[in-house]
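Following: one structure in structure tokens, then a few remarks.
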Amino acid sequence: MADDAAGPRGRWSDERVEQLVGNLLRTGVIIAAIVTALGGAALLIQHGAARADYHLFRGEPAALRSVGAVAASALRLESRGVVQLGLVLLIATPIARVLLSLVAFVLQRDRLYVAVTAVVLAILLFSLVFGGHA
């Protein structure tokens with residue numbers, strides 16, 4: 001347990017952070033894939049026999065274009081909402097990775113990487129929140 005005696009840098013070594021980030025990304029993608037697959041299967045069960053109309057593109061309804069609406073729809077177990085939730089989780093995974101990196105750099109007291117990672121996180125969050133409205 002020499003790492004514990006080494007202070008924050010010991011517990012948050014570069015190798016440990018890489019391991020945590022790798023596990024976070026792997027877990028996030030797997031969960032997103034499972035949620036999307038379950039929603040897709042439900043969608044096929046409900047609407048799989050419907051005739052496809054390729055002459056007109058229909059995007060997602062306005063009710064599924066915000067994270068809150070997607071979460072509410074998924075909580076009601078609506079298949080389209082569950083698929084959208086899976087996609088939101090997939091998008092959130094790299095954002096969570098940047099956030100985890102920021103925490104690690106703060107604990108390592110690496111000011112340069114804290115600043116760079118904070119800017120990257122701010123850009124990601126800004127584009128997520130205001131990307132469709134700018």
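Just so it is clear, none of the values below were taken in a lab; they were calculated from the coordinates. Quantities reported herein were computed from a predicted structural model and do not represent experimental measurements. All Cβ positions, even for glycine, are placed from backbone atoms using ideal geometry, and neighbour counts span all protein chains on display.
Using only DSSP helix segments of four residues or longer, with each worth -39500 (n - 2.57), what per-residue ellipticity at 222 nm results for the chain after dividing by its residue count and rounding to 500?
Numbers: 6 runs with 101 residues, N = 134.
Computed mean residue ellipticity for the chain: -25000 deg cm²/dmol.
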Inset, instruction - Could you give me the percent of Cα pairs per 10 Å distance bin for the stretch 90-129, shortest bin first, beginning at zero and ending with the bin that holds the maximum distance? - result: 34, 52, 15
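Starting from the alpha-carbon convex hull of the chain, give the projected area averaged over all orientations, in nm². Walk me through the numbers on the way to the answer.
On the way: hull surface 44.4 nm².
Over all viewing directions, the chain projects a mean Cα-hull area of 11.1 nm².
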Inset, instruction - Would you kindly give the portion of the calculated P(r) for the stretch 37-109 that falls above 17 Å, as a percent of all Cα pairs? - result: 58 percent
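So if I place +1 on the C-beta of Lys and Arg and -1 on the C-beta of Asp and Glu, and nothing else carries charge, what would the dipole magnitude of the chain be about its Cα centre? I want it in debye, nearest 20.
Values: 12 positive and 9 negative charges, 54 e Å.
For the chain, the charge dipole is close to 260 debye.
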